[in-house]
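Colleague: What follows is a structure written as structure tokens; I'll ask about it next.
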Amino acid sequence: MTYCVGLLLNDGMVMLSDTRTNAGLDNIATYRKMFTFEEPGERVIVIQTAGSLSVSQTTIARLKEAIDDPEATPETSIMLAPTMLKVAEITGNTLAAVRAEIDEKLASMRQGASASLIVAGQRRGGVMRMFLIYPEGNFIEATEDTPFLQIGEHKYGKPILDRVVKPTTSLADAQKAVLLSMDSTLRSNLSVGMPLDLVVIEKDALRVGKSRRIEAGDPDFRAMSEAWSTALRESFRAIKL
């Protein structure tokens, strides 16, 4: 499994993904779950994936193939699509087609495979938008009321986002929020693991402003995790019944 989270804020977008994939306790591997597509000054798109690797990797490969196609059009390529809504539609259609093909191959074994995606970005002349795409290809969009989206093992990291994240949250605080959200998930679910991939995109920059891989044992992440644990314990003891 995995955990991916994306925040859509007034000042920009912050996205964080883990990289663990496991098919049993003795078969754990690391695979990138965050993919960036950008033409600086024109558009920037980030896609996060969770679920079956066979579905998600094939979907990303087909999106890349469509981008490189000499006959690509705004109907087929996310790098030519006129709006972020169209980017979400192309991505959703590709995901649904891949899932259907793989499900057909697995039908004889009475098995299935699925994946979900977060697609976020901005094109020149448009606003920042973020979508959660379901395995069937349909999607929902982040809004001012719910300025964050999650896929994968999201339940452990959701409480801090619910309490802290607002559209007005600064990009600095947003990075702290997603990292603490991930820290809570890492502590509670072995199917989520490091290294982590963090991306920050400022509003109207139309490019990735910050891209960082956080390895296991990273001193800054460890210090933040320990400080959060200490703060929680002290707050717990301070509450009077």
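Colleague: For Ser181, only one of the following conditions fails: (1) loosely packed, with under 15 Cβ neighbours inside 10 Å; (2) farther than 21 Å from Ile45 by Cα. What is its number?
Modeller: Answer for Ser181: the failing condition is (1).
Colleague: Only one residue in Ser56, Ser116, Ser108, Ser77 is free of Cβ contacts under 8 Å to residues at least 60 places away in the same chain and surrounded by 13 or more Cβ atoms within 10 Å (Cβ to Cβ). Which one? Break it down into steps so the answer makes sense when it comes.
Modeller: Numbers: Ser56 fails: free of Cβ contacts under 8 Å to residues at least 60 places away in the same chain; Ser116 fails: free of Cβ contacts under 8 Å to residues at least 60 places away in the same chain; Ser108 fails: surrounded by 13 or more Cβ atoms within 10 Å (Cβ to Cβ).
None of the others qualify; the one that does is Ser77.
Colleague: With segment 116-234 as the region, which strands (runs of 3 or more DSSP E) entirely inside it contain at least 1 residues that are among the hydroxyl-bearing types (Ser, Thr, Tyr) and either closer than 19 Å to Leu85 by Cα or within 14 Å of the chain's Cα centre (by Cα) (or both)? Show your work before the answer.
Modeller: Values: elements: 129-133, 139-141, 148-152, 196-202, 210-214.
Where strands (runs of 3 or more DSSP E) fall fully within segment 116-234 and carry at least 1 residues being among the hydroxyl-bearing types (Ser, Thr, Tyr) and either closer than 19 Å to Leu85 by Cα or within 14 Å of the chain's Cα centre (by Cα) (or both), they are 210-214.
Colleague: Among the listed residues Pro147, Pro135, Pro195, identify the single one that is in contact with a Pro (Cβ under 6 Å, 6 or more places away or on another chain) and in contact (Cβ under 8 Å) with a residue 40 or more places away in the chain.
Modeller: Working: Pro135 fails: in contact with a Pro (Cβ under 6 Å, 6 or more places away or on another chain); Pro195 fails: in contact with a Pro (Cβ under 6 Å, 6 or more places away or on another chain).
Going through Pro147, Pro135, Pro195 in turn, just one is in contact with a Pro (Cβ under 6 Å, 6 or more places away or on another chain) and in contact (Cβ under 8 Å) with a residue 40 or more places away in the chain: Pro147.
Colleague: Another question, then. Considering (1) closer than 25 Å to Ala96 by Cβ; (2) among the acidic types (Asp, Glu); (3) in contact with a strand residue (DSSP E or B) (Cβ under 6 Å, 6 or more places away or on another chain), say which one Glu202 fails and leave the rest.
Modeller: (1)
Colleague: Another one. Within the bounds of segment 29-38, is there any residue that is of a type in the set (A, V, I, L, M, F, W, C), at pLDDT below 95 and either in contact with a strand residue (DSSP E or B) (Cβ under 8 Å, 6 or more places away or on another chain) or under 23 Å from Asp173 (Cα atoms) (or both)?
Modeller: Step one: list which residues in segment 29-38 are of a type in the set (A, V, I, L, M, F, W, C), which gives 29, 34-35, 37.
Subset that is at pLDDT below 95: 29.
After this cut, where a residue has to be either in contact with a strand residue (DSSP E or B) (Cβ under 8 Å, 6 or more places away or on another chain) or under 23 Å from Asp173 (Cα atoms) (or both) as well, the list is 29.
Scanning segment 29-38 turns up at least one residue that is of a type in the set (A, V, I, L, M, F, W, C), at pLDDT below 95 and either in contact with a strand residue (DSSP E or B) (Cβ under 8 Å, 6 or more places away or on another chain) or under 23 Å from Asp173 (Cα atoms) (or both).
Colleague: For segment 165-172, indicate whether the set of residues that are touching a Phe, Trp or Tyr at 6+ places or on another chain (Cβ under 7 Å) and at pLDDT 95 or above is non-empty. Lay out the reasoning, then the answer.
Modeller: We begin by selecting, within segment 165-172, every residue touching a Phe, Trp or Tyr at 6+ places or on another chain (Cβ under 7 Å); these are 165.
Filter again for at pLDDT 95 or above, leaving 165.
Yes; the residues of segment 165-172 include at least one that is touching a Phe, Trp or Tyr at 6+ places or on another chain (Cβ under 7 Å) and at pLDDT 95 or above.
Colleague: Here is a check on your reading of the model: is Val98 under 16 Å from Gln57 (Cβ atoms), in contact with a strand residue (DSSP E or B) (Cβ under 9 Å, 6 or more places away or on another chain) and without any contact (Cβ under 8 Å) to a residue 60 or more places away in the chain? First the steps, then the outcome.
Modeller: Details: under 16 Å from Gln57 (Cβ atoms): yes; in contact with a strand residue (DSSP E or B) (Cβ under 9 Å, 6 or more places away or on another chain): yes; without any contact (Cβ under 8 Å) to a residue 60 or more places away in the chain: yes.
It is true that Val98 is under 16 Å from Gln57 (Cβ atoms), in contact with a strand residue (DSSP E or B) (Cβ under 9 Å, 6 or more places away or on another chain) and without any contact (Cβ under 8 Å) to a residue 60 or more places away in the chain.
Colleague: Filter segment 185-238 down to residues that are more than 22 Å from Gly41 (Cβ to Cβ) and among the hydroxyl-bearing types (Ser, Thr, Tyr) and give me whichever is modelled with the lowest pLDDT.
Modeller: To start, the set of residues in segment 185-238 that are more than 22 Å from Gly41 (Cβ to Cβ) comprises 185-198, 212-238.
Of the ones still in play, those that are also among the hydroxyl-bearing types (Ser, Thr, Tyr) are 185, 188, 191, 225, 229-230, 235.
Numbers: Thr185: 96, Ser188: 92, Ser191: 82, Ser225: 96, Ser229: 96, Thr230: 97, Ser235: 95.
The qualifying residue modelled with the lowest pLDDT is Ser191.
Colleague: Any idea which residue in segment 148-170 is farthest from Phe221 (Cα to Cα), counting only those that are of a type in the set (A, V, I, L, M) and surrounded by fewer than 20 Cβ atoms within 10 Å (Cβ to Cβ)?
Modeller: Quick first cut of segment 148-170, residues of a type in the set (A, V, I, L, M) only: 149, 151, 160-161, 164-165.
Now narrow it down to the ones that are surrounded by fewer than 20 Cβ atoms within 10 Å (Cβ to Cβ): 160, 164.
Values: Ile160: 17, Val164: 19 Å.
Looking at residues that are of a type in the set (A, V, I, L, M) and surrounded by fewer than 20 Cβ atoms within 10 Å (Cβ to Cβ), I get Val164.
The values are calculated or read from the model by the stated rules, or taken from the named source; none is laboratory data. Computed from a prediction, not measured in an experiment: that's the story for all the values here. Using ideal geometry, Cβ is built from the backbone for each residue, glycine included, and neighbour counts are taken over all protein chains shown.
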